[in-house]
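Working notes, structure below.
The values are calculated or read from the model by the stated rules, or taken from the named source; none is laboratory data. In this text, all values refer to a predicted model and were calculated from it rather than measured experimentally. Here the Cβ positions follow ideal geometry from the backbone for every residue, glycine too, while neighbour counts run over all protein chains shown. Heavy atoms of the whole protein, side chains included, go into the accessibility calculation; ligands, DNA and RNA do not. Shrake-Rupley method; radii C 1.70, N 1.55, O 1.52, S 1.80 Å.
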Amino acid sequence: MSAPAFVHLRLHSEFSVVDGVVRLDKVVKAAADDGQGALALTDAGNMFGAVRFYKAARGAGVKPILGVDAWVSNDADRDRPYRLLLLAADRSGYLNLCELLSRAWLQNPYRGRGELRPEWLAELNGGLIALSGAASGEVGSLLLAGKRAAAVEAAQRLAQWFPRRLYLELQRAGRDSDEPLVKATLRLARELDLPVVATHPVQYLAAEDFRAHEARVCIAEGETLADPRRPQRFTREQYFKRQEEMTALFADIPAALANSVQIAQRCNLELVLGKPRLPDY
């Protein structure tokens, strides 16, 4: 099998109960059929599906990458937390991710979210690769708001916490803000000498699943599907795109595609399953 040209590093499954409808066995098969060779599971604020995904991926000959699409507290506006994608590169990263999520839900819950505190990232970042969160991350949000100096400061802070393990995300998922943010992020990446990576926010498996996905979102948020005034947070493009679709989408930024494969190569978590383990009292 030839080396993949792109690997999906951002995926919300059925375990993202508010906005995901992807079945793990089906998405693993889709990755295998497309020859991607690796796939990341990054549910919203949890790793409930990690073991099932790990087993399914290994069984299909797909390298499993475990991560989380984390909420990070925004002290300036608690109702608008930032997002940061964290991927476990090894066992230490997996354990740090477990600790971070435990702290988030036990020590810093807010409006049904378990939010990470920024200072925890300075302490528990070993073995973790960070992706900036695109438009929902601190860097992207500040760039879209025209606050470039603050975006530079945020990117430098993340780069200090994740030395050579921070990538600025680029997305083209059908939103009006995507292209302006891609251009602003590329300029910032050149200025700070930071790598970029192409990601796609997968929320459902096939293009025709969009309406079913929207129905689930409406149920979770107490909205009505037919209401034209309800918030439209997702697009029809957020299905599991094949390699050829992603390479066409980012043909002008080949390094962003190559970095998705490089990140997959850097993530080498091995889990020991099926053996009893006693607590360390």
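Tabulated data
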{"read-out": "Portion, in percent, of the accessible area of region 1-112 that falls on carbon or sulfur, probe 1.4 Å", "value": "52 percent"}
{"read-out": "Relative contact order [Cα under 8 Å, 6+ residues apart], region 123-281, whole percent", "value": "19 percent"}
{"read-out": "Formal net charge of residues neighbouring residue 147 (Cβ-Cβ distance under 11 Å; K, R +1; D, E -1)", "value": "-1"}
{"read-out": "Cα centroid of region 51-121 to Cα centroid of region 236-262, whole Å", "value": "24 Å"}
{"read-out": "Normalised contact order of region 1-87, rounded percent, pairs of Cα under 8 Å and 6 or more residues apart", "value": "26 percent"}
{"read-out": "Compactness of region 6-51 - radius of gyration and Dmax, Cα, Å", "value": "10.3, 29"}
{"read-out": "Charge sum, other residues only, whose C-beta stays under 14 Å from residue 244's C-beta, Lys/Arg counted +1 and Asp/Glu -1", "value": "-1"}
{"read-out": "Summed side-chain charge close to residue 6 - residues other than residue 6 whose Cβ falls under 13 Å, Lys, Arg +1, Asp, Glu -1", "value": "+1"}
{"read-out": "Computed helical MRE - 222 nm, the chain, DSSP H runs ≥ 4 contributing -39500 (n - 2.57), nearest 500", "value": "-12000 deg cm²/dmol"}
{"read-out": "Whole-Hz couplings from phi, Karplus 6.51/-1.76/1.60, listed for region 234-240; x for Gly and Pro", "value": "10, 10, 6, 8, 8, 9, 6"}
{"read-out": "Whole-Hz ³J(HN,Hα) from phi, Karplus 6.51 cos²θ - 1.76 cosθ + 1.60, for region 123-140, glycine and proline x", "value": "9, 10, 10, x, x, 10, 9, 10, 10, 5, x, 6, 5, 8, x, 4, 4, x"}
{"read-out": "DSSP-assigned coil residues among chymotrypsin sites (Phe, Trp or Tyr not before Pro) in region 30-114, each with at most 16 further Cβ atoms within 10 Å", "value": "48"}
{"read-out": "Under the Karplus curve 6.51 cos²θ - 1.76 cosθ + 1.60, θ = phi - 60°, whole-Hz ³J(HN,Hα) for region 39-54, x wherever Gly or Pro sits", "value": "7, 9, 10, 9, 5, 6, x, 7, 10, 4, x, 4, 5, 4, 5, 4"}
{"read-out": "Label corresponding to log10 I(q)/I(0) by the Debye sum over Cα atoms at q = 0.09 Å⁻¹ when calculated from the structure given, among [x] -0.39; [y] -0.59; [z] -0.71", "value": "[x]"}
{"read-out": "Cα-Cα P(r), region 190-281, percent of pairs per 10 Å interval", "value": "13, 27, 23, 25, 12, 1"}
{"read-out": "Solvent exposure of region 67-174 as accessible area per residue, Å², 1.4 Å probe", "value": "41 Å²"}
{"read-out": "Solvent-free Debye scattering, log10 I(q)/I(0), computed from the Cα coordinates of region 93-155 at q = 0.15 Å⁻¹", "value": "-0.56"}
{"read-out": "Leading residue at positive end of dipole, the chain (Cβ point charges), from 128, 204, 143", "value": "128"}
